[in-house]
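Asks: Please see the structure below; I have some questions.
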Amino acid sequence: MNKIEHIGIAVKSLENSNDLFARLFGQAHYKVETVASEGVSTSFFQVGSNKIELLEATHSNSPIAKFIERKGEGIHHIAFDVDDIVAEIERLKHEGFKVLNETPKKGADNKMVAFLHPKSSNGVLIELCQEIKP
Ligand code: ZN
């Protein structure tokens with residue numbers, strides 16, 4: 001793994017939170033993107049070299065809706081940049097981590113992504129991301 005790619009925060013209202021975090025960071029989000037397959041609308045902020053992703057559920061069955069139901073709004077996942085997501089999934093499986101999707105899928109912000117089950121990583125949902133190169 002290379003570095004933290006972004007931190008994901010679950011919010012009830014992207015509109016309200018875009019405004020809140022714009023005031024916090026002193027700058028607006030730079031993109032909004034819906035990932036229909038995941039049931040989320042996302043927005044991204046660049047803060048120095050760090051990136052923050054806000055996630056809002058698009059329907060009541062979305063993993064984000066369920067997360068907020070259980071835990072309320074807050075930090076949802078930490079995403080790590082990897083060079084070869086397929087190799088990294090294999091490596092982590094061999095290390096005993098439970099990978100939620102063994103086949104990487106298209107995520108937001110031009111990334112292939114995979115998630116590790118939080119039960120295998122001390123309650124932290126870990127996202128692996130590999131940038132899709134043109
Ligand atoms: Zn993410």
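Asks: Could you list, ordered by first residue, the pairs with Cβ atoms under 8 Å in which the first is in region 96-107 and over 11 Å from V86 (Cα atoms) and the second is among the charged types (D, E, K, R), at least 6 apart or interchain?
Replies: Short answer, once both residue conditions are applied: K98/K119; V99/K93; G107/E38; G107/E127.
Asks: Return the residue satisfying two criteria in turn: it lies in region 107-123 and is within 12 Å of the chain's Cα centre (by Cα) and not aromatic (F, W, Y), and of such residues it is farthest from T34 (Cα to Cα). Can you show your working first?
Replies: Here is the first cut: in region 107-123, the ones within 12 Å of the chain's Cα centre (by Cα) are 107-109, 111-116.
Subset that is not aromatic (F, W, Y): 107-109, 111-114, 116.
Numbers: G107: 9, A108: 7, D109: 10, K111: 13, M112: 15, V113: 15, A114: 17, L116: 22 Å.
Among residues in region 107-123 that are within 12 Å of the chain's Cα centre (by Cα) and not aromatic (F, W, Y), the one farthest from T34 (Cα to Cα) is L116.
Asks: Consider A22 carefully, then state whether it is within 15 Å of the ligand (Cβ to nearest atom), more than 21 Å from N110 (Cβ to Cβ) and touching a His at 6+ places or on another chain (Cβ under 8 Å). Spell out how you get there, then give the answer.
Replies: Numbers: within 15 Å of the ligand (Cβ to nearest atom): no; more than 21 Å from N110 (Cβ to Cβ): yes; touching a His at 6+ places or on another chain (Cβ under 8 Å): yes.
Spelling it out, it is not the case that A22 is within 15 Å of the ligand (Cβ to nearest atom), more than 21 Å from N110 (Cβ to Cβ) and touching a His at 6+ places or on another chain (Cβ under 8 Å).
Asks: Can you confirm whether I9 is within 15 Å of the ligand (Cβ to nearest atom), outside any strand (DSSP E or B) and either of a type in the set (V, I, T) or surrounded by 14 or more Cβ atoms within 10 Å (Cβ to Cβ) (or both)?
Replies: Details: within 15 Å of the ligand (Cβ to nearest atom): yes; outside any strand (DSSP E or B): no; either of a type in the set (V, I, T) or surrounded by 14 or more Cβ atoms within 10 Å (Cβ to Cβ) (or both): yes.
Here the answer is no, as I9 does not meet what is asked.
Asks: Limited to region 39-56, what total is found for residues that are surrounded by 21 or more Cβ atoms within 10 Å (Cβ to Cβ) and either β-branched (V, I, T) or in contact (Cβ under 8 Å) with a residue 40 or more places away in the chain (or both)? Before the answer, list the steps.
Replies: In the first step, residues of region 39-56 are kept if they are surrounded by 21 or more Cβ atoms within 10 Å (Cβ to Cβ); the result is 40-43, 45, 53-56.
Okay, now just the ones that are also either β-branched (V, I, T) or in contact (Cβ under 8 Å) with a residue 40 or more places away in the chain (or both), so 40, 42, 53-56.
Going through region 39-56 one residue at a time, the tally reaches 6.
Asks: Still on this structure, please answer the following. Only one of these is at pLDDT 95 or above, in contact with a Pro (Cβ under 8 Å, 6 or more places away or on another chain) and over 13 Å from E127 (Cβ atoms): V86, V47, V32. Name it.
Replies: On the way: V47 fails: in contact with a Pro (Cβ under 8 Å, 6 or more places away or on another chain); V32 fails: in contact with a Pro (Cβ under 8 Å, 6 or more places away or on another chain).
After ruling out the rest, the residue left standing is V86.
Asks: Identify the single condition in (1) modelled with pLDDT under 95; (2) touching a helix residue (DSSP H, G or I) at 6+ places or on another chain (Cβ under 8 Å); (3) within 12 Å of the ligand (Cβ to nearest atom) that L128 does not satisfy, given that it satisfies every other one.
Replies: Just one mismatch for L128, condition (1).
Asks: Search region 1-12 for residues that are at pLDDT below 95 and pair each with any residue that is within 10 Å of the ligand (Cβ to nearest atom) and not in a strand (DSSP E or B) when their beta-carbon atoms are under 7 Å apart and the residues are at least 6 apart or on different chains.
Replies: Note: no pairs meet the criteria.
Asks: Moving on to the next point. Are any residues in region 39-53 assigned to a strand (DSSP E or B) and closer than 18 Å to V11 by Cα, and if so, which ones?
Replies: Passing the criteria: V40, S41, T42, S43, F44, F45, Q46, K51, I52, E53.
Asks: Please work out which one of (1) within 16 Å of the ligand (Cβ to nearest atom); (2) modelled with pLDDT of 95 or more is the condition K98 fails and give its number.
Replies: (1)
Asks: For region 108-134, enumerate the residues that are surrounded by fewer than 16 Cβ atoms within 10 Å (Cβ to Cβ) and assigned to a loop (DSSP other than H, G, I, E, B).
Replies: Initially, region 108-134 is screened for residues surrounded by fewer than 16 Cβ atoms within 10 Å (Cβ to Cβ), giving 110, 117-119, 121-124, 131-134.
Answer for region 108-134, where residues must be surrounded by fewer than 16 Cβ atoms within 10 Å (Cβ to Cβ) and assigned to a loop (DSSP other than H, G, I, E, B): N110, H117, S121, N122, G123, V124, I132, K133, P134.
Asks: Could you say whether any residue in region 55-73 is among the aromatic types (F, W, Y) and either in contact with an Asp or Glu (Cβ under 8 Å, 6 or more places away or on another chain) or away from the ligand (no atom under 16 Å from the Cβ) (or both)?
Replies: Taking every residue of region 55-73 in turn, none turns out to be among the aromatic types (F, W, Y) and either in contact with an Asp or Glu (Cβ under 8 Å, 6 or more places away or on another chain) or away from the ligand (no atom under 16 Å from the Cβ) (or both).
The values are calculated or read from the model by the stated rules, or taken from the named source; none is laboratory data. Given the structure is predicted, the values throughout are model-derived calculations rather than measurements. No Cβ is skipped: glycine too gets one built from the backbone with ideal geometry, and neighbour counts run over all protein chains shown.
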